[in-house]
Structure formats: structure tokens, C-alpha cells
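The values are calculated or read from the model by the stated rules, or taken from the named source; none is laboratory data. Remember, it's a predicted structure, so these values are computed and weren't measured experimentally. Cβ sites come from the backbone with ideal geometry, for glycine too, and all protein chains shown count toward neighbours.
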Amino acid sequence: MLGWILFLIYLAVSALPLVMRRFSLRGRLIWAVIVAVVFVGLRVAIQLATESLWYADLGYEQRYWNIIIPEIAIFAISFFVAFVFVMANFLYIFRATSAARFIKIAALLGCFLFSTAFAVGMTSSVYEYLRFSNQVPFNLAEPVFNMDIGFYIFTLPFLKTVRSAIFVIVLASMIGSVVLYGGFASKERLKAILMRNQGVINIGTTDHHRIVTHMSVLGIVLIGVFMFWTQIAKWDLMYSPRGAVFGPG
């Protein structure tokens, strides 16, 4: 019931610029984002306060905050990293091309939505982080890589999460960049280039040199992610899905 009340209040407040007609389209969008952030923050704060009181009544308040605080930190860090990395690629594209205002706003909104969804998904890895940050050595090394068994129990799952997160961010940046470059490409420009070079696009031009350089850098970063992925796969060979137990050994 509280969620519906907050939603209706949000709609009423966000509709004020449309009724008053005092703001431009950009102002209305900024106003809607600010109102959304405020009301989502209020909703989350109310939920946290309610659950905190419930856990405090049971005598587990400290345990509750030991999970919530890392979740909030993971969300903030994940959102910041994803937004900065993706938006940095988009800003490079905006500088290299003449993007329309609508395209810039749409790209900014898409980057914000992706970063939010990515950060929300990353909060599910809070237990991997807690095991990683509170790990203890087993003082027992496996014979292949000479790594402590604790590495496979506490560190490796966290590294898998980091690997997947980096891969998703880089892949989203590449897809977004390709979409933006495709949208900016002028039909007349491409037609002239194709006619002049007999079907071969001249990447020596400034525009195409920037595009190739940008996508090549992202490709190199993606190759680095795959190299990291391969190293993790080597360590993962120590996990045996067969036998009486599942795990390293």
C-alpha cells in the first residue's frame, strides 16, 4: 500500500512541469529524474528502517547491518564504475561526431538505466564479497598450483563475479558504441565513400580512424578480460563436480 502511495505522489509531482509549462523538455527530464531518485530513496529508507527495527527486536540488528552496508557499497561502486566507463565511451563518440541533442539525452538515459540495473544485479554477490573479505587460510595447499585451499573457497568465487562484471560492462560499452556509431553514420557520407573507393571504406579518413581506434581499444580490453577468464578457468579445474563432495581437491 505504501508503495502505491509513493508511486501516485511521484506521478503527481513529476507532472507539475507539464501542468505549469515552465520548463523545457530537458528541464522536465531532469525534474523527473530528481523526483524519481528522491522517492526511490525514500522508499528504500523506509524499508531499511522497518527491517532494522524488526531485526533489532530479534536481537540481530548488527548482523542485519553487516549485510546491508556491504550491499549499499557494492551498489554504489558498481553503479559508479559502470556509469563512468560506459559514459566515457559515449562522450568520446559525442566529441568525434555531431550527435543530435535527442541522441545525447537518450544515450545518457540508457547509460543510467543500464548502470542501475547492473548495480542492482551486483548486490546479489554480497555473500561472495563477505566470504572473500573475511577469509581465513586453511594452511593446506593443493599440489597442482600450490594454492591454499582457502583460495578456492573464498577468493575464486569472488574473482568469478568480478570477471563477469567486467565482461558485462565492456560488452555493453561495445554494443552501445556500435549502435551510436551506426545512428550517426550519414547515408550520403557512406555512399560517397563507397563510390570513391569502389566498395571499400577508407579507414584513413578522420572519422573512420576514430571509429576503428575506439573499437580497437574496446576489443583489446575485451581480450584482456578473456585472458583473465582463462586464468580463472585454470584455477577452476581444481573443482571436481564428481565424487562424494563438490569442491577443490
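Among the numbered criteria (1) among the polar types (S, T, N, Q); (2) at pLDDT 85 or above; (3) surrounded by fewer than 17 Cβ atoms within 10 Å (Cβ to Cβ), which one does Thr155 miss?
The single condition Thr155 does not satisfy is (3).
Test Phe118 against the stated conditions and say whether it is outside any helix (DSSP H, G or I), out of contact with any Leu (no Cβ under 7 Å at 6 or more places or on another chain) and among the aromatic types (Phe, Trp, Tyr).
For Phe118, the condition - outside any helix (DSSP H, G or I), out of contact with any Leu (no Cβ under 7 Å at 6 or more places or on another chain) and among the aromatic types (Phe, Trp, Tyr) - is not met.
Which of the residues that make up segment 72-98 are closer than 16 Å to His208 by Cα and of a type in the set (Gly, Ala, Ser)?
Ala96, Ser98, listed by residue number.
Kindly establish whether Gly176 is within 22 Å of Tyr92 (Cα to Cα), modelled with pLDDT under 85, small (Gly, Ala, Ser) and not in a loop (DSSP other than H, G, I, E, B).
no
Within segment 132-143, which residues are surrounded by 14 or more Cβ atoms within 10 Å (Cβ to Cβ) and part of a helix (DSSP H, G or I)?
Across segment 132-143, the qualifying residue is only Phe132.
Would you check if His209 is under 30 Å from Phe112 (Cα atoms), in contact with a helix residue (DSSP H, G or I) (Cβ under 7 Å, 6 or more places away or on another chain), assigned to a helix (DSSP H, G or I) and modelled with pLDDT of 70 or more?
It is false that His209 is under 30 Å from Phe112 (Cα atoms), in contact with a helix residue (DSSP H, G or I) (Cβ under 7 Å, 6 or more places away or on another chain), assigned to a helix (DSSP H, G or I) and modelled with pLDDT of 70 or more.
Of the numbered conditions (1) under 19 Å from Gly182 (Cβ atoms); (2) modelled with pLDDT of 90 or more, Phe83 satisfies every one except a single condition; which is it?
With respect to (1) under 19 Å from Gly182 (Cβ atoms); (2) modelled with pLDDT of 90 or more, Phe83 is out only on (1).
Residue check: is Leu42 modelled with pLDDT under 75, surrounded by 11 or more Cβ atoms within 10 Å (Cβ to Cβ) and assigned to a helix (DSSP H, G or I)?
Answer is yes for this residue.
Can you pull out every residue in segment 46-103 that is free of Cβ contacts under 8 Å to residues at least 40 places away in the same chain and not in a helix (DSSP H, G or I)?
Hits for segment 46-103 are Gly59, Tyr60, Ala100.
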